[in-house]
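Have a look at the structure below, then the notes.
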């Protein structure tokens, strides 16, 4: 049962939200766990995974197109249809939480081997989405060049690219180093989920109706379009198609809240979309997983 498979993920996320609301831990615990997961644990997971698997033999331009073409189309459609804060709306409708939700879901539901198809998508995801945002938002605080450089300096992206480079170059890491990376990677999923739950619990939402529309597009329309291209147009291998659909079905990425201008209508809209999509994905992700297993 998909729900049973993913239940530990949802329970850990709920525990993170509970800990953020109750005075059991010091008030700064959430920031510390988030920084630890984002700068060390998740990069370690991606580094060791990309180092061991490299680029899958079946990887092709069709895999990237099956994910990024729907993303670009959804971004453009949301940008045109939104009456207010069009760039923020487009970003929230298309930007997936591929790291804090996607990685745990893939490992739990499809196994660690599924990451070989996810790594190339994750490597360019933030770069692609944030560049689109800065190119289309007239009031963006930073230009797209600064966004590009900042994305490339992200430890998650840097670790992933380093692991792929080591694999392609045939460089063997010492056994002690891989053991340390494995230990850090083992702590990545629970810490990421606790951090996600705490982040969602501390959000201050607003404008629920537009946020519901964004969450619906993100959790339903985006993965449906990706599945259509991956399964019926490009006829990708089932393992690759499942990875792409589940990544598209992830809720709105928390980092979107840090990209839009803080304190404005766009920030409140994005926060609401993050909160609603993070709650609703407890139902939609198991549904997509069930559908993928019965295609």
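The table for this structure:
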quantity: Members of region 54-66 found to be part of a loop (DSSP other than H, G, I, E, B) and either in contact (Cβ under 8 Å) with a residue 40 or more places away in the chain or in contact with a strand residue (DSSP E or B) (Cβ under 9 Å, 6 or more places away or on another chain) (or both), listed by number; calculated: 54, 55, 56, 58, 59
quantity: Some residue of region 205-214 being under 26 Å from residue 33 (Cβ atoms), within 16 Å of the chain's Cα centre (by Cα) and surrounded by 15 or more Cβ atoms within 10 Å (Cβ to Cβ); calculated: no
quantity: Those helices (runs of 4 or more DSSP H) lying entirely in region 220-288 with at least 1 residues out of contact with any helix residue (DSSP H, G or I) (no Cβ under 8 Å at 6 or more places or on another chain) and without any contact (Cβ under 8 Å) to a residue 40 or more places away in the chain; calculated: 222-227, 256-259
quantity: Top-ranked residue in region 91-137 [being touching a helix residue (DSSP H, G or I) at 6+ places or on another chain (Cβ under 8 Å) and outside any helix (DSSP H, G or I); ranked as modelled with the lowest pLDDT]; calculated: 137
quantity: Verdict on residue 4 being assigned to a helix (DSSP H, G or I) and either touching a strand residue (DSSP E or B) at 6+ places or on another chain (Cβ under 7 Å) or surrounded by fewer than 16 Cβ atoms within 10 Å (Cβ to Cβ) (or both); calculated: yes
quantity: Positions within region 181-210 being touching a helix residue (DSSP H, G or I) at 6+ places or on another chain (Cβ under 9 Å) and free of Cβ contacts under 8 Å to residues at least 40 places away in the same chain, in sequence order; calculated: 183, 186
quantity: Options 192, 188, 215; residue that is under 14 Å from residue 272 (Cβ atoms) and either out of contact with any strand residue (DSSP E or B) (no Cβ under 6 Å at 6 or more places or on another chain) or modelled with pLDDT of 95 or more (or both); calculated: 215
quantity: Unique match (being surrounded by 23 or more Cβ atoms within 10 Å (Cβ to Cβ), under 16 Å from the mean Cα position of the chain (by Cα) and under 25 Å from residue 286 (Cα atoms)) among 91, 64; calculated: 91
quantity: Hits in region 18-34 (condition: at pLDDT 85 or above and in a helix (DSSP H, G or I)); calculated: 18, 19, 20, 21, 29, 32, 33
quantity: Top-ranked residue in region 67-88 [being in contact with a helix residue (DSSP H, G or I) (Cβ under 7 Å, 6 or more places away or on another chain) and not in a helix (DSSP H, G or I); ranked as surrounded by the most Cβ atoms within 10 Å (Cβ to Cβ)]; calculated: 85
quantity: Test result for residue 171, touching a helix residue (DSSP H, G or I) at 6+ places or on another chain (Cβ under 9 Å) and either within 30 Å of residue 15 (Cβ to Cβ) or crowded, with 21+ Cβ neighbours inside 10 Å (or both); calculated: no
quantity: Residue list for region 218-256, restricted to those being in contact with a strand residue (DSSP E or B) (Cβ under 6 Å, 6 or more places away or on another chain) and farther than 16 Å from residue 118 by Cβ; calculated: 218
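A quick yes/no check of all residues on (1) modelled with pLDDT of 95 or more; (2) farther than 25 Å from residue 84 by Cα; (3) under 15 Å from the mean Cα position of the chain (by Cα):
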| residue | (1), (2), (3) |
| --- | --- |
| 246 | yes, yes, yes |
| 250 | yes, no, yes |
| 261 | no, no, no |
| 267 | no, no, no |
| 272 | no, no, no |
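The values are calculated or read from the model by the stated rules, or taken from the named source; none is laboratory data. As the structure is a computational prediction, the values presented were derived from the model and not from experiment. With ideal geometry, Cβ positions are generated from the backbone for all residues, glycine too; neighbour counts draw on all protein chains shown.
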